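The values are calculated or read from the model by the stated rules, or taken from the named source; none is laboratory data. These figures come from a predicted structure and were not determined experimentally. Glycine also receives a Cβ, built like all others from the backbone with ideal geometry; neighbour counts cover every protein chain displayed.
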Amino acid sequence: MSAPRFFEILSSFKSMVDDYIFAFLPGDHSVPEIDLLYDMMRDYPSRPGKGLRPGLLMIFNRAFGGNDEMSLNTAAALELFQNWIVIHDDIEDQSDLRRGLPALHIKYGVALALNAGDALAGKMWELISKNNTILGPRKAIMIFDEFLRMYAQTTEGQHIELAWERNHSWNITPEDYFNMCRRKTAWYTCISPSWIGGLIAGADPELKDLFVKFGLDLGVAFQIQDDVLNLVGDKEKYGKEIGGDILEGKRTLALIDLLNKCRPREAEFIVASMNQSRQSKDPGIINDVLNLMEKYGTIQNAILVSQKLARQAGDTFTGSIGPSIEGEYRSVILDFIDFVVNREF
């Protein structure tokens, strides 16, 4: 199974999910202010994106013998989760770009963007409630519980990261970083999409712990690669500003590693610069930090850690989850694992 087949399947699922979402979200309204709200709710979902999380859910659903009609509603709810959570994330991180375009709060202001995110969150729960009819009460409650856990884990991880910035915390170990990523990224990017997809199709509940192990490793690998792309990626492919994590003072694996390896005077310079507000930072700090990362090889080390975690996830999948899957989707999922650490966007 070649990588293009993975992208072909992902693109097909994205089209299905997009159509479902835009048929579901409200359209025009006679009250101009509400009409603007509806436009803002449709803004992020209409932007170019991978559709990775809902696509992964539908891939695992098919892999365990499920059908698209049963999984599409939940996949759309997961995509709405992704969209409303990043509206809030962009505000919290003071990000300028999302998917190559101005972030929603840059276009409309913080207050309206926050409200649009809240409105999308409400529509997400509305979709989840539809599963009572689509899947039956028992399975609908199970999926509701999975969304609650994903929600809790994601916000806990985000809080850890925001608290580090607020408290000017720099005594952070790689394990601290991994713990943050497991919560902030792994649950809603890998664990919940893959497990919920299997759950809808009737996967053996005994497999759940293996799905969690698989997703924790792959989710951290995904976040490390995302951090690397923010440092050295192609802006046109990545869709977000390059070096934004440095301007925002993000604690990434490459930066944590750098602080452990560089000279004390260099560390003092980095910390002093990172503790400044984004508005106060000299944009030249991006090149200064990148040059130090190159000097001490910390970006390359982060890439190696990401690849190691992806291999661990691959071993868990092929050894414990994959044997339950028949047909082409075993290879599609292996393509996905490879994509996580080799992607450019």
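Among the residues that make up the range 231-240, is at least one of them surrounded by fewer than 18 Cβ atoms within 10 Å (Cβ to Cβ) and closer than 23 Å to residue 78 by Cα?
No, every residue in the range 231-240 fails to be surrounded by fewer than 18 Cβ atoms within 10 Å (Cβ to Cβ) and closer than 23 Å to residue 78 by Cα.
Can you find a residue in the range 154-165 that is over 22 Å from residue 316 (Cα atoms) and touching a Gly at 6+ places or on another chain (Cβ under 9 Å)? Spell out how you get there, then give the answer.
First, the residues of the range 154-165 that are over 22 Å from residue 316 (Cα atoms): 154-165.
Then drop every residue that is not touching a Gly at 6+ places or on another chain (Cβ under 9 Å), which leaves 164-165.
Taking every residue of the range 154-165 in turn, at least one turns out to be over 22 Å from residue 316 (Cα atoms) and touching a Gly at 6+ places or on another chain (Cβ under 9 Å).
Test of understanding: among 11, 71, which residue is small (Gly, Ala, Ser), under 30 Å from residue 320 (Cα atoms) and crowded, with 22+ Cβ neighbours inside 10 Å? Spell out how you get there, then give the answer.
Working: 11 fails: crowded, with 22+ Cβ neighbours inside 10 Å.
Just one listed residue meets the conditions, 71.
For the range 155-180: of the residues being closer than 16 Å to residue 306 by Cα, of a type outside the set (S, T, N, Q) and out of contact with any Asp or Glu (no Cβ under 9 Å at 6 or more places or on another chain), which is surrounded by the most Cβ atoms within 10 Å (Cβ to Cβ)?
Of everything passing the filter in the range 155-180, 177 is surrounded by the most Cβ atoms within 10 Å (Cβ to Cβ).
Of the conditions (1) surrounded by fewer than 21 Cβ atoms within 10 Å (Cβ to Cβ); (2) under 27 Å from residue 312 (Cβ atoms); (3) among the hydrophobic types (A, V, I, L, M, F, W, C), residue 187 satisfies every one except a single condition; which number is it?
Of the numbered conditions (1) surrounded by fewer than 21 Cβ atoms within 10 Å (Cβ to Cβ); (2) under 27 Å from residue 312 (Cβ atoms); (3) among the hydrophobic types (A, V, I, L, M, F, W, C), the odd one out for residue 187 is (1).
Among the residues of the range 21-39, is there at least one that is in a helix (DSSP H, G or I) and within 20 Å of the chain's Cα centre (by Cα)? Give the derivation first.
Step one: of the range 21-39, the residues in a helix (DSSP H, G or I) are 21-24, 32-39.
From what is left, the residues that are within 20 Å of the chain's Cα centre (by Cα) are 21.
Taking every residue of the range 21-39 in turn, at least one turns out to be in a helix (DSSP H, G or I) and within 20 Å of the chain's Cα centre (by Cα).
Got a sec? Which of 120, 135, 57, 97 is touching a helix residue (DSSP H, G or I) at 6+ places or on another chain (Cβ under 8 Å) and at pLDDT below 95? Spell out how you get there, then give the answer.
Values: 120 fails: at pLDDT below 95; 135 fails: at pLDDT below 95; 57 fails: at pLDDT below 95.
When all the criteria are applied, what remains is 97.
Among the residues in the range 203-212, are any touching a residue at least 40 places away in the same chain (Cβ under 8 Å), of a type in the set (Lys, Arg) and in contact with a helix residue (DSSP H, G or I) (Cβ under 8 Å, 6 or more places away or on another chain)? So that I can check it myself, show each step before the final result.
Here is the first cut: in the range 203-212, the ones touching a residue at least 40 places away in the same chain (Cβ under 8 Å) are 203-204, 207, 210-211.
Filter again for of a type in the set (Lys, Arg), leaving none.
No, the range 203-212 contains no residue that is touching a residue at least 40 places away in the same chain (Cβ under 8 Å), of a type in the set (Lys, Arg) and in contact with a helix residue (DSSP H, G or I) (Cβ under 8 Å, 6 or more places away or on another chain).
What residue, among those in the range 287-345 that are small (Gly, Ala, Ser) and part of a loop (DSSP other than H, G, I, E, B), is surrounded by the fewest Cβ atoms within 10 Å (Cβ to Cβ)? Outline the logic, then answer.
Residues of the range 287-345 small (Gly, Ala, Ser): 297, 302, 306, 310, 313-314, 319-320, 322, 324, 327, 331.
Imposing the further condition that a residue be part of a loop (DSSP other than H, G, I, E, B) reduces the set to 297, 327.
Numbers: 297: 14, 327: 10.
Here the answer is 327.
Go through 286, 299 for me and flag whichever is of a type outside the set (Ser, Thr, Tyr) and in contact (Cβ under 8 Å) with a residue 60 or more places away in the chain.
On the way: 286 fails: in contact (Cβ under 8 Å) with a residue 60 or more places away in the chain.
Answer to the selection: 299.
Looking at (1) within 19 Å of residue 340 (Cα to Cα); (2) surrounded by 19 or more Cβ atoms within 10 Å (Cβ to Cβ); (3) at pLDDT below 95, which is the only condition residue 249 fails?
The number of the failed condition is (1).
With the condition being within 17 Å of the chain's Cα centre (by Cα) and more than 22 Å from residue 50 (Cβ to Cβ), I'd like the helices (runs of 4 or more DSSP H) fully within the range 166-270 carrying at least 3 qualifying residues.
Numbers: elements: 174-181, 192-201, 208-232, 235-238, 244-247, 253-261.
Passing ranges, in order: 174-181.
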